[in-house]
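Only one structure is covered here, and it is reproduced in the block below.
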Amino acid sequence: MNSDSLLVPTITKSERVIGHIKHQSEDFIVCEKIDENHILDPRIETYNLPGKKGLFLHFVLIKNNIDTSVALDWISNLWKVERNDLSIAGTKDKRAFTAQRVSLWGVKRRYEEGNLKEITLPKIKTKSFCFRIKDIRLGDLWGNAFDITIRRIPTEATIIQSSLETKIREINDFGYLLNSFGQQRFGKIRPITHLVGEKLLLGEVREALKIYVGKSYGTESQEALDARKLYWETENPQDVLKIIPDQMHIEKKILKYLQKHKNYERVFLSLPLQFQKLFIHAYQAYIFNKYLKIRYNEYSKNLCEPLFGEKIIDNVSYAPLIGNKTELTGQSKEIYSKILENEEVSLHDFNRSLAVKLGSRGSYRALGMKAHNLLINDIAEDELNPGKFKVNLSFELRKGSYATEVLKEILSQG
């Protein structure tokens, strides 16, 4: 499947700026915004975390160019705590410099005895320990604030300024951009999370693990490609473990479990809970993106006026994010019925026992998103790319919305 088919096209018409993001991780800064008064910026030293005193450890995780799940694995190993006891409000981009809250249960005595130290490593740091009455749950945030540098822009500063001002006016005039799930929801290097999710939804756990470990894309290292190819052809964990690169942490964990157990569902359920839920949620996101494209192109471009079967919240239309508790009606049902028929799945598949365990309830998701406080902060010569220019932008998004979906309206990566 072409990864472009996972995404929703742009809707603004003015010319986009040619440039590149994430030249280095510090060019993509993500600050978790807990509420109107608390923003966690990875560039500052101390934080005041909200909440009443209690038994859950809360701390700030600063990470740089590392996947959220890998960072949490490191913390689990270094502190010798259960991985599932670490909770976050949401994942952050891998190739980025990010700050977010994490909660952990059952370590207050260790902390009081001085046996729980802050972690300071090149890729991760833990800061601002405090104890609060509640743990952190998925979605416990207002959203995220972004500070992004676009590099390797070939045009002059005055032209960049004019183009960006035109684009920002157009975005503001639209009011809402399409609130699609971004590429990172499906995997940037290997867009396979929704493929794994589809197999889990159908109860085909062996096939799901085979795709996760064995399906390769040419953008990976040769060592990774060789390991994936060997597993795809043989499904022999012992042989693959001899050649698999160290950085493939989750794959190694799966292969080691497979050496001991041939119960594929048991192997899958031994993985961290938040990681397990990633895949069916990715498949739900894939289906939602298809819904959004059809709805916008064939039914109505008005994101503030619901179709029959959608609902209105805070002046924007919300559509079902399909799951085992979803009840479809009207035009919404009509669109989803076409999609599910083409995908050869049904609503009943979301009621399979494994799908229910993995949190496939479904919900509603806004069809439109606003880029709050979208600003041009600076345009200057690009010190990393002589003869080119760079621009620094900032904006805020509500939880569940993707910065890359704003940037694709602004940026053409030529």
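Please treat every number below as a calculation from the coordinates, not as lab data. Just so you know, these numbers come straight off a predicted model, no measurement behind them. No Cβ is skipped: glycine too gets one built from the backbone with ideal geometry, and neighbour counts run over all protein chains shown.
Under the convention that each Lys and Arg Cβ holds +1 and each Asp and Glu Cβ holds -1, the size of the dipole of the range 200-269 around its Cα centre is about 280 debye. For the range 53-103, what does the alpha-carbon gyration tensor say about shape, rounded, prolate or oblate, given a ≥ b ≥ c as the root eigenvalues, a/c under 1.5 as rounded, and a/b over b/c as prolate? Here the range 53-103 falls in the oblate category.
Suppose R0 equals 51 Å. What FRET efficiency, 1/(1 + (r/R0)^6) with r the Cβ-Cβ distance, do Leu375 and Leu269 give to the nearest 0.05? According to the calculation, E is roughly 0.65.
Taking 0.36 nm per residue of separation and subtracting the Cα-Cα distance, full extension of the segment from Leu121 to Asn324 would add 68.9 nm. Partners of Lys252 within straight-line reach, counting lysines whose Cα lies under 17 Å from its Cα and excluding those fewer than 8 residues away in the same chain: Lys210, Lys215, Lys229, Lys242, Lys260, Lys262. Site pair Asp173 and Arg109 shows an inter-label distance of 6.6 nm when each label is modelled 7 Å from Cα along Cα→Cβ.
Which of the following values of Rg/Rh (Cα atoms, Kirkwood Rh) was calculated from the structure shown: (1) 1.19; (2) 0.96; (3) 1.09? Checking each listed value against the structure points to (2). If you take all other residues with their beta carbon under 13 Å from the beta carbon of Tyr264, and give Lys and Arg +1 and Asp and Glu -1, the sum is +2. Can you classify the range 12-56 as rounded, prolate or oblate using the Cα gyration tensor, where a ≥ b ≥ c are the square roots of its eigenvalues, rounded means a/c under 1.5, and otherwise it's prolate if a/b beats b/c and oblate if not? Since a/c reaches 1.5 and a/b is larger than b/c, the shape of the range 12-56 is classed as prolate. If a paramagnetic tag sat 7 Å from the Cα of Glu298 along the Cα-Cβ line, which residues of the range 340-374 would have the backbone N under 19 Å from that point? Those under the cut-off are 340-347, 367.
Pick out, from Gln161, His23, Ala380, the residue whose Cα sits farthest towards the positive end of the charge dipole of the chain, with +1 on the Cβ of Lys and Arg and -1 on the Cβ of Asp and Glu. Farthest towards the positive pole: His23. The charge dipole of the range 37-141, taken about the Cα centre with unit charges on the Cβ atoms of Lys, Arg (+1) and Asp, Glu (-1), comes to about 80 debye, rounded to the nearest 20. The distance separating the Cα centre of the range 144-223 from that of the range 249-314 comes to 15 Å. Distance between the 7 Å Cα→Cβ label points at Arg361 and Asn385: 4.4 nm.
Can you tell me how the range 259-383 classifies by the Cα gyration tensor, rounded, prolate or oblate, using a/c under 1.5 as the rounded cut? Taking the square roots of the gyration eigenvalues as a ≥ b ≥ c, the range 259-383 is oblate.
A Förster distance of 35 Å, applied to the separation of the beta-carbon atoms of Ser337 and Ser394, puts the FRET efficiency at 0.25.
Using 0.36 nm per residue and subtracting the Cα-Cα separation, the extra length available between Asn315 and Glu165 on full extension is 51.4 nm. Listed by number, the DSSP H helices of the chain that run 15 Å or longer by alpha-carbon position along their axis and have mean Kyte hydropathy of at least -0.5 are 68-79, 157-174, 273-294. Across the chain, the longest piece that holds none of the GluC sites (Glu not before Pro) lying in DSSP loops with up to 16 other C-beta atoms within 10 Å covers 236-326. For the range 64-140 versus the range 5-41, the spacing of their alpha-carbon centroids is 24 Å.
Gyration tensor over the Cα atoms of the range 37-141: the corresponding equivalent ellipsoid has semi-axes (square roots of 5 times the eigenvalues, largest first) of 19, 16, 13 Å.
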